[in-house]
Amino acid sequence: MTDVKKFLSDKIKTVPPSGIRKYFDMVIGMDDVISLGVGEPDFVTPWHIREACIYSLEKGHTSYTSNSGLIELREAISDSFHNDYGVDYNPDDQILVTTGVSEAADLALRALVNPGDEVILHEPCYVSYKPSIILSGGTPVPVSTTRDNEFRVTGEQIEAAITDRTKAIILSYPNNPTGAVMQKQDLEEVADVVVEHDLLVISDEVYDKLTYNGKHTCFSSLNGMEDRTILLNGLSKSHAMTGLRVGYAMGPPGLISAMLLIHQYTMLCAPITAQMGAIEALRNGEAEMQAMVREYNRRRRLFVTGLNRLGLDCFEPRGAFYAFPSVKSTGMTSSQFAEELLHQQKVAVVPGEVFGQSGDGFLRCSYASSLDELKTALEKIEEFLS
Amino acid sequence: MNEILEIIEQDPKKDPSEIALLTGYSEKEVQTRIKELEDSGIIRKYKAVIDWDRVGEEYVYAIIELKITLGDRSGYDTIAHRIASFNEVRSIRLISGDHDLSLTVRGKSMKDVAFFVVEKIASLDQVQSTVTHFVLKTYKEDGVPLFEQEKSKRLAISP
């Protein structure tokens, strides 16, 4: 039998498999699992958005779109950022519609990174950033954030990680997996360092709408950051559209056109049906989105209070839909805790170390599940701990 | 205040301590506000949505549209209040279009409903004409679908 592995590129051999995969494999085949391991809304895409997709198919809209995405969608994106954050992006040359935010992040890194370039990222963070940096030929430089600082990264930490090979910084707030947010003054500190060291920022703000107790600060709205930021966002989380895969990147025309170059030779364009749904979501989806956010907020209060009552110390997450409790008091590692909890109580969570070394000792628990499921999960965790 | 109402509308049996947890108010505050909402008539009644077909207790529902002739001293409110007094009438609405009032009526049989409409409603002086639509099946009631919904197909673990 041919050893196909010998054909693989050296680069792919350096990319470790996602730590999430292991837990996915464990859960497969188990019945009646209460899952807090999901990184997506439990709501179905609102009906009027689905209907816009159906209607577009009925009308026969099944063609390619412009590589950049439908101009109507880019205009709707531009309008929403103008209205929400007072930042202006020209739909003609500053917005690129992608197949989810993951593609947008990959494009940004491939457009920027030369072999040997370093990209700073704060951990714990979304699982795909590090592999994407490696696949683009760069070197990831992780900066650990801590529970004591509510998992916010400081300008000082970033400055300490900068070398003469540093090209860019990835910021991701509200954060997956911690639920942490950065206040405006925190971000301004980072912006000062960015200017001083002449860097770029890739800011993934896909959870911006899921911000509780305050308003999200768009990184590119800060002084001087518009020209130094590739802003990533999408509709997966805000409008419960994960499977429709609509993301976008916004930034200076010179960077967006570089990303477009790769996009047009690879993905070509995002699916037109999903783009049609996205237009409807941005134009008429505010009320449903707000209703979902209110519901997440209720679940957040109930679940985080419940975890703290059980002695699993959890700071107050102010964004996204994840709680990130510590299990250090139990004497178990997060992997042990997650595996035992799954086998004994059939509750699935994701150990924090999957999201970077500094996540060790924590669990990512998604509260994008019904209140009844969350209550049952808390009861089962209590039983597990007793 | 609206947040408490939204929660109660979804689940009237929700305990005040849980509503407090969900909203960030204290339990005492929740109790006080609910009392105020009840006293002011904003919360009219706590009610369950029941799929009577499943119980086997078969009721017959009909939607009755009425054309009304207003008298010198009586408006829609007067006739609506009068019709609302009948126990058979489950809802009553003033509507636009070809008719003026729309009623939902419940009875034990089609005959029951038909006699009620003929004898009690059509005989009222202000009622000019009636159109009766019998309900064959209810798919959704008060925002609650009465059919089996597909279970979520989410992966148990995802990024």
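Before moving on, here are some points about what is shown:
- The P(r) of chain A has a tail past 27 Å containing 50 percent of all C-alpha pairs.
- Diffusion of the stretch A:234-386 by Stokes-Einstein, at 10 °C in a medium of 1.306 mPa s and with Rh set to the Kirkwood radius over alpha-carbon pairs, works out to 88 µm²/s.
- Working value for the stretch A:1-123: equivalent-ellipsoid semi-axes of 33, 26, 19 Å, each the square root of 5 times a Cα gyration tensor eigenvalue, largest first.
- Whole-angstrom Cα spans of the stretch A:180-320 along principal axes, big to small: 52, 43, 25
- When you count the other C-beta atoms within 10 angstrom of each residue and take the mean per peptide, A:33-41, A:335-343 line up highest first as A:33-41, A:335-343.
- Look at where the Cα atoms of the stretch A:3-58 and of the stretch A:318-380 average out, and the two centres are 19 Å apart.
- A:N67-A:D372 FRET efficiency (beta carbon distance; Förster radius 41 Å; 0.05 resolution): 0.35
- Residue (of A:Q336, A:C365, A:V350) at the positive-pole extreme of the stretch A:335-375, dipole from beta-carbon charges: A:C365
- Taking the helices alone, chain A has a mean residue ellipticity at 222 nm of -12500 deg cm²/dmol, built from -39,500 (n - 2.57) per DSSP H run of at least 4 residues and averaged over all its residues.
- The residues B:L146, A:L200, when put in order of fewest to most other Cβ atoms within 10 Å, stand as B:L146, A:L200.
- Put the Cα centre of the stretch A:78-142 next to the Cα centre of the stretch A:255-272 and the gap is 13 Å.
- Think of chain A as having a plus end and a minus end, set by charges on the Cβ of Lys, Arg, Asp and Glu; of A:Y85, A:A291, A:V4, A:V4 sits farthest toward the positive end of this dipole.
- Residue-wise HN-Hα coupling along the stretch A:310-319, computed from phi with Karplus coefficients 6.51, -1.76, 1.60 (Hz; x: Gly, Pro): 7, x, 8, 3, 9, 5, 7, x, 10, x
- About its Cα centre, the dipole of the protein assembly as shown is roughly 1140 debye, where the only charges are +1 on Lys and Arg Cβ and -1 on Asp and Glu Cβ.
- Separation of the B:L136 and B:L70 label points, Cα + 7 Å toward Cβ, nm: 3.7
- For the stretch B:1-62, the convex hull drawn through the C-alpha positions has a volume of 107 cubic angstrom per residue.
- Within the stretch B:34-122: Cβ-based charge dipole about Cα centre, in debye rounded to nearest 20 (Lys, Arg +1; Asp, Glu -1): 120
- Each Lys and Arg contributes +1 and each Asp and Glu -1, all at the Cβ; summed about the Cα centre of chain B, the dipole is approximately 260 debye.
- Rg over Rh, two decimals, chain B (C-alpha only, Kirkwood Rh): 1.09
- Inter-probe distance in nm under a simple model that places probes 7 Å from Cα toward Cβ, at A:M1 and A:T333: 3.0
Each reported figure results from applying straightforward, stated rules to the coordinates on display, with no laboratory input. Everything numeric here is computed off the predicted structure, so don't read it as measured data. No Cβ is skipped: glycine too gets one built from the backbone with ideal geometry, and neighbour counts run over all protein chains shown.
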